[in-house]
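Please read the structure below before turning to the comments.
The values are calculated or read from the model by the stated rules, or taken from the named source; none is laboratory data. As the structure is a prediction and not an experimental result, all values here were calculated from the model. Note that we place each Cβ from the backbone using ideal geometry, even for glycine, and neighbour counts take in every protein chain shown. The accessibility values were calculated without ligands, DNA or RNA, using every heavy atom of the protein model including side chains. Shrake-Rupley method; radii C 1.70, N 1.55, O 1.52, S 1.80 Å.
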Protein chains: 4
Amino acid sequence: MSFNTFGHIFRVTTWGESHGPALGCTVDGTPPGIALTEEDIQPWLDRRKPGQNKFTTQRKEPDQVHILSGVFDGLTTGTPIQLMIENTNQQSKDYNDIAQAFRPGHADITYHQKYGHRDHRGGGRSSARETAARVAAGGIARKVLATFVPGLTITGYMIQMGVHQIDRRRFDATQIDKNPFWCPDPVVATNLATYLDELRLSQNSIGAVIEITANGVPAGLGAPLYAKLDSDLTSAMMSINAVKGVEIGDGMATAALTGTDNADEIRMGPDGPEFLSNHAGGILGGISTGQPIICRFAVKPTSSILTPRRTINTKGEELDLITKGRHDPCVGIRAVPVGEAMMACVLLDHLLLDRAHTGGYRGLIG
Amino acid sequence: MSFNTFGHIFRVTTWGESHGPALGCTVDGTPPGIALTEEDIQPWLDRRKPGQNKFTTQRKEPDQVHILSGVFDGLTTGTPIQLMIENTNQQSKDYNDIAQAFRPGHADITYHQKYGHRDHRGGGRSSARETAARVAAGGIARKVLATFVPGLTITGYMIQMGVHQIDRRRFDATQIDKNPFWCPDPVVATNLATYLDELRLSQNSIGAVIEITANGVPAGLGAPLYAKLDSDLTSAMMSINAVKGVEIGDGMATAALTGTDNADEIRMGPDGPEFLSNHAGGILGGISTGQPIICRFAVKPTSSILTPRRTINTKGEELDLITKGRHDPCVGIRAVPVGEAMMACVLLDHLLLDRAHTGGYRGLIG
Amino acid sequence: MSFNTFGHIFRVTTWGESHGPALGCTVDGTPPGIALTEEDIQPWLDRRKPGQNKFTTQRKEPDQVHILSGVFDGLTTGTPIQLMIENTNQQSKDYNDIAQAFRPGHADITYHQKYGHRDHRGGGRSSARETAARVAAGGIARKVLATFVPGLTITGYMIQMGVHQIDRRRFDATQIDKNPFWCPDPVVATNLATYLDELRLSQNSIGAVIEITANGVPAGLGAPLYAKLDSDLTSAMMSINAVKGVEIGDGMATAALTGTDNADEIRMGPDGPEFLSNHAGGILGGISTGQPIICRFAVKPTSSILTPRRTINTKGEELDLITKGRHDPCVGIRAVPVGEAMMACVLLDHLLLDRAHTGGYRGLIG
Amino acid sequence: MSFNTFGHIFRVTTWGESHGPALGCTVDGTPPGIALTEEDIQPWLDRRKPGQNKFTTQRKEPDQVHILSGVFDGLTTGTPIQLMIENTNQQSKDYNDIAQAFRPGHADITYHQKYGHRDHRGGGRSSARETAARVAAGGIARKVLATFVPGLTITGYMIQMGVHQIDRRRFDATQIDKNPFWCPDPVVATNLATYLDELRLSQNSIGAVIEITANGVPAGLGAPLYAKLDSDLTSAMMSINAVKGVEIGDGMATAALTGTDNADEIRMGPDGPEFLSNHAGGILGGISTGQPIICRFAVKPTSSILTPRRTINTKGEELDLITKGRHDPCVGIRAVPVGEAMMACVLLDHLLLDRAHTGGYRGLIG
């Protein structure tokens, strides 16, 4: 991964700031001949769009994607696809207070220290608005995956926000789209509405854990060590703003497992190997097993809050800062479609890498 | 990251299998003029060396490193440094049982499915033996860091094994080297000896959590999005065999934090900004803050155990498998020096990237 | 170099086709704090702009550059700079004849064979219009170089077109901007006007050789083998449409030199080493010597000509094709500012790479 | 290309100096399941081996290749293949005279200026000995290509040395292996023996032009702009020590061609498109046409000669230097197998890239 590019073959280079004229990305390496229009991408952006309910930032952006290159007569040409999304609802003056002061828990201070000069309006490049470009790129990845691996599905959802964790026994995938939190547990979803209302009233914010699963991923994607499927997935998720931890399968909990517990035993099914459990989260030795890929990540609470916090400014003066502007009380909510997009991009990239390296042939069993 | 290379400027390409004649790595991008001998590298390898006590594999390897290129008259020349470690204590016949059968929880099956052909002896490329090359490369990174950032220190230690977790109030860094588990809590260290003995006797294995901290890292290393310091660190740790989760700072626990809790407030100290807490683990917006970098990762239990597990072989026949050979009951123990090495490599890489991009200049405060 | 990205640290990713809505590039790795406006870039685009005289394509484009990101308050922020140039003067119906037929000497047939689907309008991605994005990126590179290495100058000019070659004894740098061919030899410049008129009338086109020199390049840029300064320069020039050969210093003519002829002897001057000749073109062992960097490349004649040529179409039918549309009779003319831009990008990239690797320190002489 | 790595998917990282204990390379991205032994690689090294006749350096090295990883039971495993060649015939004391002095025309001075510290023995990393690693890697590439594209052949030969150029009418491929110059023109081959004898007696050296052709390359390999097949080929050839110019097809001579001359007209043959000429050298728009790939490069004369040349040393003192040691009077001779190896590596890399990007499907004609 370079400064602003991720991927080996399917390579996405994002650009743009929160309050500039536009943002977008160049998607390179898309296979040719794939049917693609803006309508294939827009629905994913709409899922991430701000201002859809009172639980996300009140900035209202249409987030309309424009395809500027790489598609002709409705088909990809194999050349780079440029996606652009115009910024239309900036309120830069909200940010005058932080032009010289550093929000605690935010990238303000590190950008200043590294670059000596930063676009403070809306957080500039550090804004979660950058993730719109990822979601757009993910829309392309999903379209290609749908062509190459018809049964593959990617689903993201919230499993924890603050003190509220889902109960896996109540897991109901049909609930995910029915509440503003992408929560698969209807009981928790109800609780979250009250919980988040109280947090907003107390001028605070909260963290969350998001889980992304991919079903129907063929066995054999990934590589043994440095381009491991899990290593690339982890890197992709950790590259999302505010993410502080990433897990594959049982994740941090594997520390408490014994070898007998952790071994996903194997039997022979009608269509090939079948695993009796999935502690591995669908990845062994960096390579997909054919089981569901399971990836989780924690998103820290929004650092822009209305409660005063102690900080300093560029002159070294100490002050108490509250952050105005329109901020998500739980930035983890909108991270759900972002995490899905990153999963789609990484899976497509590894599908292409795999057909480069092995031609897509598979060692037979049985 | 390519298949077997990690790093942007300080690039390490590893090669070699568990039971081949040798393994090693090419270290590219090392600055010229750094004093370097095999004696600078060997102590780090000795820390990772197998067979040092009854809690690690009984394979006895001297793991003697040879510098084959890139150093002249005791100084690095700026050209690639080749490091080679010969394998001397292979017992390949131990592995005949798994030539055709797949160990549950192991990469055997995914290697077979992807490549159709694998070196089963000792796990081939999937063996933790590959990490010797990383530790050697880390030795070079440490030597360069010691020249460029004299006060920088990197320390790894075990904070959890199975049900045993350290108590942070008993944290004593001087204990780390005094027990075979690199455990900073002397009470837990004592308990672990008994615990691991029992596990071995019951022919089982166990997971662990390792924490790596780096002190004295200058502010400003990293980049905002895809070459984030945390994204690269996470990717590096996840590329170590058997790692299933990685955290920066408060990691997964940030999900339960509010914005007021999570904000590391800032005051002005005599030498610049001082943070009143370090939930961020020393990284904000992908860039180091100057606080200690804190990274944790979970290592799953060794999948090669003597307890029979249900599995299949390449013919699709079902069988119960026990794995002979000499295996670590807790592969997490030897992951401590490996994690330290990865931290060193990533930090040096970002130090070099930063001087490329910014020239190492820093935005002033005060 | 990836599909559409060049550079190691200063990385340019171009996108866009001849007849799409726009084209542009993402410029990543630009150091922060550099004063930059659209006015710094526009003059270079104006030099390359089509339709300036009867010797270039009659397509008339303002080629106005827009900076969409990466610059704030007139200074670069260190984040990616997006440059966009809108296409305004497409006449796509001119190209209907080649929608299914392949122009001999053109990329039509290879795009069809590789991708199965191509944007035939104006050559799509294979159009020389893509070079506008390079020239824009080169404008940024020049601005940074002017800050870092004040005395560095880059000059491109035509030294051959068809049968006309310059006489080095008449070389006059002040002439370059005074004729539409960027020719430093006033006698040849006069001849070229007549020559090219005749070629146009005869519905033909012609090749050319362009030379790019860089003065004031510090010694020490480059690397010994695969990121050699000459290897990267050559690759950059060969990546320009229609280029078929690249030379450094004496180039192909070194085949006829003896070792005594070729040795650029060295004496000690007041400011360090002085070379008595420059057969090497300023690069030895992949690393700059401090002498002028000299790079030449040959541009083949435009393949879109009005003279009928035998070819086939996608159905495999044989036909005679003439190519309508607005084409440069000598595409080499507009390659001059493009070659300069590539030189600027490669030099800046290596300047940044060098400060990563060596910190910019130099081995002393004397 | 990074400092010491070339290739996108089939990636070769070389290491080692002329007078160190060994040199070699890591070959990453080799497809699994390819039969490979040291005997597949050794013959190519034998062709390049020094000391085979009086026209090459008298250093006598067996250049025996060892495969240290990545091959099991005679088949590639898909993991990195480490190749090592031991240095056995160093005579380092020959080089004491140049420890502090800089050979004119050699990399001595630029290595000193960049790195401040260099391995002067035998030129260290700048020695043509590094090319042994490339030839070994090329042996692997050839073996894979032979499996994937059975009819593909790669042939290199000398077409010019000093004043002697081959007459294409006398071109006889069967002659190439019958003379020590790899010359396909028997008349010129005879002349070269006398010519080179005289040059050696006069303590001088001479340049050469090498041509590499690849037949049977499928249409569709390459990419439109920055990973163009010609751009990557050119970069690969220019990365060979002492190369100063590279041409594809008609190369620099295209400057004198008109559009009607240059157009390779197309007719329909029994098996698809047939071109009536090959000015393009088998590449249009960066993508292979299916015609023979033709690449030429010029190699400058060896700079280490026994005739005194004016130079300076690290103290800035002026002196006259003659270079002892065992040097090739025409380093171009041994560049023939090296150029072939680079062609093989680039073609395989693009074959793998193409199957990543397009899956190897082809747009039909007819």
> Quick one: Cα centre-to-centre distance for region A:1-29 and region C:269-314, in angstrom?
Replying inline: 32
> Quick one: what do you get for region A:214-265 if you divide its Cα Rg by 2.2 N^0.38 Å?
Replying inline: 1.33
> How much space per residue, in cubic angstrom, does the convex hull of the C-alpha atoms of region D:184-249 take up?
Replying inline: 106
> Once the Cα atoms of region C:228-364 are picked out, what are the Rg and Dmax in Å?
Replying inline: 20.7, 70
> Which value at 222 nm does the protein assembly as shown reach when only helices count, each DSSP H run of 4 or more adding -39,500 (n - 2.57), with the total divided by all residues and rounded to the nearest 500 deg cm²/dmol?
Replying inline: -8000 deg cm²/dmol
> Which of B:ALA242, B:PRO273, B:GLY220 sits farthest toward the positive end of the charge dipole of region B:219-275, with +1 on the Cβ of Lys and Arg and -1 on the Cβ of Asp and Glu?
Replying inline: B:ALA242
> Local charge sum around A:LEU276 (other residues, Cβ-Cβ under 14 Å, Lys/Arg +1, Asp/Glu -1)?
Replying inline: -3
> Which value, in Å², gives the accessible area per residue of chain B when a 1.4 Å probe is used on the protein heavy atoms?
Replying inline: 29
> Using 7 Å Cα-to-Cβ label points, what is the B:GLU274/B:GLN100 separation (nm, one decimal)?
Replying inline: 6.9
> Any idea what the dipole of the protein assembly as shown comes to, in debye rounded to 20, about its Cα centre with Lys/Arg Cβ at +1 and Asp/Glu Cβ at -1?
Replying inline: 0
>> I want to make sure I understand the PRE zone here: with the label point 7 angstrom from the Cα of C:ARG200 toward its beta carbon, which residues in region C:42-56 have backbone N atoms less than 14 Å away?
In response: C:50-56
> What are the ³J(HN,Hα) values, in whole Hz, obtained from phi via the Karplus relation 6.51 cos²θ - 1.76 cosθ + 1.60 with θ = phi - 60°, for each residue of region B:268-280 in sequence order, with x given for Gly and Pro?
Replying inline: 9, x, x, 10, x, x, 10, 9, 8, 7, 9, 4, 6
> From the label point of C:LEU306, set 7 Å along Cα to the beta carbon, how far off in nm is each other copy's matching point, shortest first?
Replying inline: 6.5, 7.1, 9.0
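Hey, which of these cross-link pairs are over 21 Å Cα-Cα: C:LYS300/D:LYS228; C:LYS60/C:LYS324; D:LYS54/D:LYS178; B:LYS114/B:LYS315; C:LYS93/D:LYS228; A:LYS60/A:LYS143?
Correct reply: C:LYS93/D:LYS228; A:LYS60/A:LYS143.
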> Taking the Cα centre of region B:284-366 as the origin and placing charges on Cβ (Lys, Arg +1; Asp, Glu -1), which of B:GLY286, B:PRO329, B:GLY366 is farthest toward the positive end of the dipole?
Replying inline: B:PRO329
> Given that compact globular proteins tend to follow 2.2 N^0.38 Å, what is the ratio of the alpha-carbon Rg of region A:109-175 to that value?
Replying inline: 1.72
> In sequence order, what are the phi-derived ³J(HN,Hα) couplings for region B:103-109 according to the Karplus relation 6.51 cos²θ - 1.76 cosθ + 1.60 with θ = phi - 60°, rounded to whole Hz, with x for glycine and proline?
Replying inline: 5, x, x, 10, 6, 3, 6
>> Going 7 Å from Cα along the Cα-Cβ axis for the label, what nanometre distances separate A:ASN215 from the same residue across the other copies?
In response: 5.0, 5.6, 7.0
>> Nearest 10 degrees is fine. How inclined is helix C:186-201 to the longest principal axis of chain C, computing both from alpha carbons?
In response: 20
> In percent, what relative contact order does chain A have, based on Cα pairs under 8 Å that are 6 or more apart in sequence?
Replying inline: 21
> How many Cβ atoms of partner chains, on average, are near each residue of B:201-209 if near means within 10 Å of its Cβ?
Replying inline: 5
> Put +1 on the Cβ of each Lys and Arg and -1 on the Cβ of each Asp and Glu in region C:54-108; which of C:PHE102, C:THR88, C:GLY78 then has its Cα farthest toward the positive end of the dipole?
Replying inline: C:PHE102
>> For a quick check: with amide H placed at 1.01 Å from N, whose amide H comes under 5 Å from C:GLU274's, ignoring anything fewer than 5 positions away on the same chain?
In response: C:ARG267, C:MET268, C:GLY269
> If we hang a label 7 Å off Cα along the beta carbon direction at D:ASP73, how far is it from the matching labels on the other copies, in nm, shortest first?
Replying inline: 4.9, 5.2, 6.7
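Which is the longest stretch in chain A that no exposed loop site breaks, taking sites as trypsin sites (Lys or Arg not before Pro) with a DSSP loop state and at most 15 other Cβ atoms within 10 Å? Each step should come with its number before you reach the end.
Values: sites that count: A:LYS54, A:LYS60, A:LYS315, A:LYS324.
The reported range is A:61-314.
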>> I need the phi-derived Karplus couplings for region B:132-137: 6.51 cos²θ - 1.76 cosθ + 1.60, θ = phi - 60°, integer Hz, Gly and Pro marked x.
In response: 4, 5, 5, 5, 5, 4
>> What FRET efficiency comes out for A:LYS60 versus A:THR174 if R0 is 25 angstrom and r is the Cβ-Cβ distance? Round to the nearest 0.05.
In response: 0.30
> Other chains near A:312-322: what is the mean number of their Cβ atoms within 10 Å of each residue's Cβ?
Replying inline: 4
> Which of A:THR258, A:THR311, A:THR77 moves the most in a Gaussian network model of chain A with Cα springs under 10 Å?
Replying inline: A:THR258
> If one takes the accessible area of chain A alone plus chain B alone and subtracts that of the pair, with a 1.4 Å probe, what total in Å², rounded to the nearest 100, results?
Replying inline: 9300
> So what's the projected area for region C:1-126, the Cα convex hull averaged over all directions, in nm²?
Replying inline: 9.2
>> Charges at C-beta only: +1 for Lys and Arg, -1 for Asp and Glu. How large is the resulting dipole of chain B about its Cα centre, in Debye rounded to 20?
In response: 800
> Since chains D and A are linked by a rotation, which residue in D has the beta carbon closest to its axis, and how far is it in Å?
Replying inline: D:ALA356, 2
> Leaving out ligands, DNA and RNA but keeping every protein chain, what accessible area does C:HIS19 have, in Å² rounded to the nearest 10, with a 1.4 Å probe?
Replying inline: 10
>> Would you calculate the convex hull of the Cα atoms in the protein assembly as shown and tell me its volume per residue in Å³?
In response: 159
> To the nearest 10 degrees, how steep is helix D:229-238 against the longest Cα principal axis of chain D, on a 0 to 90 scale?
Replying inline: 10
>> With +1 assigned to the C-beta of every Lys and Arg and -1 to the C-beta of every Asp and Glu, and no other charges, what is the dipole magnitude of region A:171-262 about the Cα centre in debye, to the nearest 20?
In response: 240
> Given the convex hull of the Cα atoms of chain B, what is a quarter of its surface area in nm²?
Replying inline: 19.6
